[in-house]
Amino acid sequence: MDEKYFAKKIEQKWQQKWAESGAFHAEPDATRPKFYALEMLPYPSGNLHMGHVRNYSAGDALAWYKRLKGFNVLHPIGWDSFGQPAEDAAVKRGVNPREWTEANIIAMRGQLERLGLSYDWRRQMAAHRPEYYKFDQWFFLKMYEMGLAYKKQTQVNWCSNDQATLSNEQASGGICWRCGNPVTKKDLEQWFLKTTAYTDQLLDDMAEIEAGWPASVLKRQSDWMGRSEGAFVDFDVMASGESLFACPIVDGLTSMSDQGKSRVRIFTTRIDTIYGANALVLAAEHPVIQANIDNFSEEVASKIAIIRTENARPADHEVEIEKDGIDTGLKAINPFSGEELPVWVGNYVMMAYGTGAVMSVPAHDERDFEFAKKFGLDIREVVQSASFSLSSADAAQAEDCTLNEAFSDYGVVVNSGEWSGMSSEEAKSAMTAFAEKSRFGQGATTYRLRDWGISRQRFWGSPIPIIYCDTCGVVPEKFENLPVRLPENAPITGTGESPLAKVPEFYETTCPKCDGPAKRETDTMDTFVDSSWYFFRYLDPTNEDVPFDIEKAAYWAPVDQYIGGDDHAVMHLIYARFWSKVMRDMGLVTFDEPVKRLLTQGMVVGETFFDDESGKRVYYPAAEVTVERDVKGRITSATTSVPGAVATGASDNPKSKIQNPKSLRHAIERMSKSKGNGVDPDEMVEIYGADAARIFVMFAAPIENELVWHEAGIEGAVRFLQRVWRLVHRWEPAFRVQASACSSPEQKQPEGCTLNGKRLRQKTHQTIKRVSDSFESLQFNTPVAALMELSNAIGDVEFENADDDTVFAVREALTSLVLMLTPFSPHTSEELYSVLIGNEDGMLANGARFPEFIDEMAKADEIEIPVQINGKLRSRVMAAPETSNETLEKMVFADEKVREYTDGKEVIKVVVVPKRLVNIVIKN
RNA sequence: GCUGGGGUGGCGGAAUUGGUAGACGCCCAGGACUUAAAAUCCUGUGCCUUUAGGGGCGUACGGGUUCGAUUCCCGUCCCCAGUACCA
């Protein structure tokens, strides 16, 4: 018998057994409750990193837990295999993207298998395979039919570093999501999916998933969609004096009044403040401004030009942009008051939001306030509140009141004609109604969310199944012709043009309508299309006719638990929610939301020191560096034990002095090879074993926290597993000799059990409760700690001369421990379970179940009650849990230590918290 | 700036509805075993203080509520994440 724990041996053994028996294959089964456990699928870069290990270890733990709880668990994995790195590899090394991707998938699958993750590999999907992307195209055509896919000429976000188009979500903050480069704009014709048709649903349906999703993710999504309710108001605009004025009619932005006057439309959420408007402020790009650019004075025109170019510049997060603008000389009429207002161009008004035009109300809007202060415009107060009220005399002079800051809360409307005296809320609806009746405005809701631009001038993506015919125009490919396949040998240059446009065999085709010569669309789809619905493909991965069978989806979907990084909170998770709603409207699914519960796990980061030597960063792993600091925390000297990492002066000396300690910086960053702070999961598995690596990753920090990778702790996980291993092998012969002294574990406490046995059984059942509760609340670090405690408790039981009851209690404890460890260390658990149970069929084949918590067993005969005197812990007494408060009080006052404090003192009060503590308040 | 989340030993982190702060692990120190080392096992380990028993102080800081506060309230400081003038 193996007395020693050889991780590698048992891991290989069980991985093979699982694969052979199809242990994790799942099929619909109406007799059992289902559980769909899903983790975000990896990009097949070729290397797994610790972030994956963390993500998948958590998902696997949950999948195992649910299996042992009797659920029919679906736990699949696949590959987000379209995308840029394959093309980069093609450009740099001349490899074929498909071959490169397939090789990486094989390599990474091996890594996942060596971790012993319990996937149903039969369901593996890969985005780049025609049998998958066929249905990207299928969905696209369906959306085209539904009017949800359309083409238009726009300014797209462009990353000059990646030579790639980006959706708004991917260009958030003016920064490329992939490389962090500033994003510029480029004019392109591209295909869009109408995400905006679902904005309200995407916002409102959050109520359905509120309980299961992190609030921060939902908040970020709703911020991103940016719904704001208010009103459009049309201002008559005219030239003043002799100057010319041109007003192009642009739907939604400008119009003509019944009297034939030009109108500019503004959007406001605070129509109640309109009497406080002192100007109309337009974006520099506004069509009225651009149409009149030659009519303005040179000064005005050049200022507008400056603002425009500055607007086009990528955003700098660090610098706050100063308000700037200029009076154009145009005039506008406030339709409520009839007052004439100047028309300004302001750098703080953006063409992309609302109508690109605002009314400036400095008293009640911070930005307008700043603007007015800078240019000396008047500030009129039209809203007051209880906390911010002026006397009526002051109100009369409100016009020259000098505010220090804008008051942007709701209050009571003043100085606003017939609306004065109303609350802001009342005024908003009354004034909106009036504007509608008077035909110069209407209630309106605006959104920040834009339609999803999916065209990419890339090779390694799903071709958009559209054909351009000189006779018939834009013609969708026929469903029966799908998939539109990628050619094998496209010239990939990475210079930003569509590679498919250089492959006549690809783009030359015939029109599905008229059979005349025609050309295919040569752009491919954003890879986020693939990841928007991949988790439905797992449900029916081989279906050739439709993306998935409705019946199968009805059983498995929606996802019960999704786990992944919160960097996808906005992009992927909005797209996936959108896609599900479209599928619902297509009749494929019956629910609104695809994911019931979401867990966002924190990043795994590495700690390094780095030094910018001659412009090139030199990294030192933190574990290899010893630094000394001065009082101010500056590094004064540093040594490293990695001679190779030292740029100069490297020697055989194991500790080398780092040349420029003063320029050395401490950094905690995302792991990467180039920084030398990465860890190879394969290496971890090789050295410590998959189970130890997985336990450590789960135990090291709460799953949602960032995890700074320090290898030091992993030894503890190995030691723990070895301890459990030894315990089982030490006690197992005793279990065989005395197999059923106390019969089944479900049984109640046998008569005459020793105290030893009782205590251990309490600990066992308390642990069962703690561990189960932890899994239900998605905590993975605390159950490991609880299991370590249990194993310590078992270790404390004396083996020599153990009586039958003790042996029984140990057997129950060890069996429970082994079962509860399965989600964290499945190989070791399977092996130890087979030792305990006497066969090697595996837990699932044996119908093993997570141990049941028995409340009665967890109860202690005697508990320790801390005794406080004036809130300070002074003593402890042992008492039965059901001891009455009166008895307990007596016991406490009988305690010697307590009497030392209370003798001769006046007892003011005694607080007894049943089963918890006693606090005696005395007068000193 | 705004929004959200935080601040607990040398480190990662535990602490039910307010009820023994520091579980569990790492690191470190001492000991046992060993010819020796590794492994393993045992002991100690918040800080200060005391010969000892003990005592005092401790959950960013300052107040408050309470018999009792890491937990609740008010104020201040700091860190992290998201966001970028959204009208």
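The values are calculated or read from the model by the stated rules, or taken from the named source; none is laboratory data. Since we're looking at a predicted model, the values are computed, not measured. As a convention, Cβ positions derive from the backbone with ideal geometry for all residues, glycine included, and neighbour counts pool all protein chains shown. Side chains included, ligands, DNA and RNA excluded: accessible areas come from the protein's heavy atoms. Shrake-Rupley method; radii C 1.70, N 1.55, O 1.52, S 1.80 Å.
For the reader, a short list of remarks on this structure follows.
- FRET E, pair residue A:103, residue A:161, Förster distance 22 Å, beta-carbon r, rounded to 0.05: 0.25
- The length gained on full extension between residue A:554 and residue A:409, counted as 0.36 nm times the residue separation minus their Cα-Cα distance, comes to 47.4 nm.
- Overall form of the stretch A:111-263 per C-alpha gyration tensor (a/c, 1.5; a/b vs b/c): prolate
- Aspartates and glutamates with Cα under 18 Å of residue A:34, excluding same-chain neighbours fewer than 8 positions away: A:60, A:120, A:540, A:549, A:551, A:560, A:593, A:776
- Comparing Cα centroids, the stretch A:422-490 and the stretch A:813-861 end up 54 angstrom apart.
- Mean ellipticity per residue at 222 nm, deg cm²/dmol - from DSSP H runs of n ≥ 4 across chain A, formula -39500 (n - 2.57): -10500 deg cm²/dmol
- Label-point separation, residue A:204 to residue A:433 (7 Å along Cα→Cβ), nm: 2.3 nm
- Anisotropy class of the stretch A:198-301 from Cα gyration tensor, a/c 1.5 cut: prolate
- Principal axis analysis of the Cα atoms in the stretch A:26-171 yields extents of 54, 42, 27 Å, listed in decreasing size.
- Loop-resident trypsin sites (Lys or Arg not before Pro) (DSSP state other than H, G, I, E or B) in the stretch A:1-99 with no more than 15 further Cβ atoms inside 10 Å of their Cβ: A:4, A:69.
- Estimated inter-spin distance, residue A:737 and residue A:781, nm [label 7 Å along Cα→Cβ]: 4.3 nm
- Short to long, the 10 Å bins of the Cα pair-distance histogram for the stretch A:838-884 hold 20, 25, 19, 15, 15, 7, 0 percent of all pairs.
- Here residue A:323 is the anchor, and the lysines within straight C-alpha reach of less than 20 Å, apart from those fewer than 8 places off in the same chain, are A:303, A:373, A:374.
- FRET efficiency for the pair residue A:423 and residue A:378, taken as 1/(1 + (r/R0)^6) with r the Cβ-Cβ distance and R0 = 30 Å, rounds to 0.75.
- Percent of alpha-carbon pairs separated by more than 20 Å within the stretch A:858-924: 20 percent
- Kirkwood-based shape ratio for chain A, expressed as Rg/Rh from alpha carbons: 1.05
- In this structure, the residue pairs whose Cα-Cα separation is over 18 Å, taken from A:151/A:194; A:194/A:581; A:134/A:186, are A:134/A:186.
- Among the chymotrypsin sites (Phe, Trp or Tyr not before Pro) in the stretch A:766-819, those located in a DSSP loop and surrounded by at most 16 other Cβ atoms within 10 Å of their own Cβ are A:799.
- Per residue, the accessible area of the stretch A:97-242 comes to 40 Å² when a 1.4 Å probe rolls over the protein heavy atoms.
- Carbon/sulfur fraction of accessible area - chain A, other protein chains in place, 1.4 Å, %: 49 percent
- Applying 0.36 nm per residue to the separation of residue A:445 and residue A:890 and subtracting their alpha-carbon distance, the gain on full extension is 153.2 nm.
- Average Cα contact separation per residue, chain A, under 8 Å, 6 or more apart, as relative contact order %: 13 percent
- Those lysines that a straight Cα-Cα span of less than 24 Å connects to residue A:905, excepting residues fewer than 8 apart in one chain: A:872, A:890, A:897, A:923
- Between 0 and 90°, nearest 10: helix A:424-437 axis offset from chain A longest Cα axis: 40 degrees
- Full extension of the chain between residue A:223 and residue A:915 yields a length gain of 244.4 nm, computed as 0.36 nm times the residue separation minus the alpha carbon distance.
- For a paramagnetic label modelled on residue A:882 (point 7 Å from Cα along Cα→Cβ), amide N atoms under 20 Å away belong, within the stretch A:892-924, to A:913-917.
- Ranking A:910, A:281 by solvent-accessible area of protein heavy atoms (1.4 Å probe, all protein chains present), from largest to smallest, gives A:910, A:281.
- Of A:162, A:861, the order by accessible heavy-atom surface (1.4 Å probe, DNA, RNA and ligands excluded), from most exposed downward, is A:861, A:162.
- Between helix A:690-699 and chain A there is an angle of about 70 degrees, using the helix long axis and the longest principal axis of the Cα atoms.
- Angle in degrees between helix A:826-837 and the longest Cα principal axis of chain A, rounded to the nearest 10: 30 degrees
- For residue A:251 and residue A:131, a Förster radius of 30 Å and the Cβ-Cβ distance give a FRET efficiency of 0.10, rounded to the nearest 0.05.
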